[in-house]
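Please read the structure below before turning to the comments.
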Amino acid sequence: MPRPKYKPGDTVYFVESSIFVKKATILKYSGGMYTIKFDNGGGMRIKENRLCDTEKEALFMASVNKIDRSKPY
């Protein structure tokens, strides 16, 4: 079983709704999923590939999602 990249108490960033960058704290790792707590008190379970070490990385991921895909050509 692979070792988790983040430990409880680590601060991480992730992209919410494909465009918003949110900051969170790791609570625990179990079954390939992290339980995170938002700064405003909410929380959720999320896979490691959606988490970023820095806000800059998360902003880059969000900018990739903002590319205009409405035009097929």
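The values are calculated or read from the model by the stated rules, or taken from the named source; none is laboratory data. Keep in mind that what you see is a predicted model, and the values were worked out from it rather than measured. Cβ sites come from the backbone with ideal geometry, for glycine too, and all protein chains shown count toward neighbours.
Brief remarks follow.
- Number of residues in region 28-51 that are touching a residue at least 24 places away in the same chain (Cβ under 8 Å) and either of a type in the set (Phe, Trp, Tyr) or in contact with a Lys or Arg (Cβ under 9 Å, 6 or more places away or on another chain) (or both): the value is 5.
- The residues of region 29-49 that are more than 12 Å from the chain's Cα centre (by Cα) and surrounded by 14 or more Cβ atoms within 10 Å (Cβ to Cβ) amount to a single one, Tyr29.
- Yes/no for Phe14 being aromatic (Phe, Trp, Tyr), under 12 Å from the mean Cα position of the chain (by Cα) and surrounded by fewer than 16 Cβ atoms within 10 Å (Cβ to Cβ): no
- Count of region 8-19 residues which are farther than 12 Å from Met61 by Cβ and part of a loop (DSSP other than H, G, I, E, B): 4
- Residue in region 29-73 that is farthest from Glu16 (Cα to Cα), counting only those that are aromatic (Phe, Trp, Tyr) and at pLDDT 95 or above: Tyr29
- Selected residue [charged (D, E, K, R), part of a strand (DSSP E or B) and in contact with a helix residue (DSSP H, G or I) (Cβ under 9 Å, 6 or more places away or on another chain)] from Lys28, Lys5, Lys37, Lys22: Lys22
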